[in-house]
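In what follows, a single structure is set out as structure tokens and then discussed.
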Amino acid sequence: DELKNFLDAQNRIKTFGYIYSGENGELERRFKYWDGFSMASFFIARDSAGTIIGAFGAFDPGKGRQIYIDALPPDKELIAKLGALVGLKVPRPNENIDILYLTSLELAHGLSAAERLDVFDGLLTALYKSGLPKAYHIVSFCDYNKQSLLEVVARGYMYDATPVLLYQLHAPEAVEIYRESGMAHPPGHEMVLM
């Protein structure tokens, strides 16, 4: 209930946020329909008072979604070779890419920018210490320009960023048009659902 309440409070003030509260909320739906997703999938950060200040669920949608690559881009071949030399799981052409998604990624809206980075750093460190990422080629999450977390990633991980554009379709006469630049928080969006 505590996690559900945290996720719900975070999303209620987002444009297009999810509804986590209630008996049939988003968290229960994901637990029911996402293969292998449960409370044990979550990494949770708490402050000194025990209040949740950050969380994400580690989820593998591999049973329902498979992504293959035809070939590694030339600029990524060297990185792949170096990764293989140090024992990383490296994708190979014409094979499935195993992706571990960080879903329901939330950092308390009341945190300062520096605190957000610290909390995310702690969560990411805990994920890697768990050993879970070793079974995957990639750990993937959505990062937003306005509240970017890439500073943490750049400090200790090899990474690649793929730009994505979220857009809204609306009637020409619509007056309720949402733009990320006008939002206080990133929109409710889950890359794992794309």
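Assorted remarks:
- Applying the Karplus relation 6.51 cos²θ - 1.76 cosθ + 1.60 with θ = phi - 60° to the range 15-28 yields 3J(HN,Hα) values of 5, 6, x, 7, 9, 9, 7, x, 5, 10, x, 4, 5, 4 Hz, where x marks Gly and Pro.
- Most fluctuating residue given options Tyr178, Tyr144, Tyr167, as computed from a GNM of the chain linking Cα atoms under 10 Å: Tyr167
- Both the radius of gyration and Dmax for the range 1-157 are 17.0, 50 Å, in that order, over alpha-carbon atoms.
- Computed [θ] at 222 nm, deg cm²/dmol, the chain (DSSP H ≥ 4; -39,500 (n - 2.57); rounded to nearest 500): -8500 deg cm²/dmol
- Restricting the range 2-53 to GluC sites (Glu not before Pro) that sit in a DSSP loop and have at most 15 other Cβ atoms within 10 Å of their own Cβ leaves Glu23.
- Entries of Lys32/Lys63; Lys63/Lys146; Lys4/Lys89 with Cα pairs more than 26 Å apart: Lys63/Lys146; Lys4/Lys89
- Of the listed residues Asp118, Asp143, the order by accessible area with a 1.4 Å probe, largest first, is Asp118, Asp143.
- For Gly188, the amide hydrogen comes within under 5 Å of the amide hydrogens of Thr15, Phe16, Gly17, counting only partners 5 or more places away or on other chains and with H modelled in the peptide plane.
- Applying the criteria of a DSSP loop state and at most 14 other Cβ atoms within 10 Å to the GluC sites (Glu not before Pro) of the range 88-182 yields Glu95, Glu173, Glu176.
- Charged neighbours of Lys4, selected by a Cβ distance under 15 Å, balance to -3 (K, R count +1; D, E count -1).
- Sites matching trypsin sites (Lys or Arg not before Pro) across the range 8-68 that sit in DSSP coil, with at most 15 neighbouring C-beta atoms within 10 Å: Lys63, Arg65
- Lys4 exposes around 30 Å² of accessible area when a 1.4 Å probe is run over every protein chain in place.
- Computed about the Cα centre, the dipole magnitude for the range 1-146 is approximately 240 debye when only Lys and Arg (+1) and Asp and Glu (-1) carry charge, each at its Cβ.
- Alpha-carbon Rg/Rh ratio, for the range 1-43, with Rh computed the Kirkwood way: 0.97
- Dipole of the chain, positive direction: furthest Cα of Pro187, Val152, Leu78, with charges on the beta-carbon: Leu78
- Annotation: extensible slack from Ile177 through His109 equals 22.2 nm (criterion: 0.36 nm per residue apart, minus Cα-Cα distance).
- Taking amide H atoms as placed 1.01 Å from N in the peptide plane, the amide H of Gly54 lies under 5 Å from those of Ala45, Ala108, each 5 or more residues away in sequence or on another chain.
- Potential lengthening between Phe16 and Gln66 on full extension [0.36 nm per residue; Cα-Cα distance subtracted]: 15.3 nm
- Unit charges on C-beta of K, R, D, E only; dipole of the range 133-194, Debye: 280
- A 1.4 Å probe run over the protein chains yields, for the range 1-76, 59 Å² of accessible area per residue, whole-number rounding.
- Phi to ³J(HN,Hα) by Karplus 6.51 cos²θ - 1.76 cosθ + 1.60 over the range 126-132, Hz, x for Gly, Pro: 4, 4, 5, 5, 5, x, 4
- Mean projection of the Cα convex hull over all viewing directions, computed for the range 121-194: 6.6 nm².
- Listed residue (Pro91, Asn11, Ser140) projecting farthest to the positive dipole end of the chain, Cβ model: Pro91
- Cα-derived Rg over Rh, computed across the range 71-123 with Rh taken as Kirkwood radius: 1.17
The values are calculated or read from the model by the stated rules, or taken from the named source; none is laboratory data. Predicted model only: the values in this text are computed from it and were never measured. Here Cβ is always computed from backbone atoms with ideal geometry, including for glycine, and neighbour counts include all displayed protein chains. All accessible areas refer to the heavy atoms of the entire protein, side chains included, with ligands and DNA or RNA removed. Shrake-Rupley method; radii C 1.70, N 1.55, O 1.52, S 1.80 Å.
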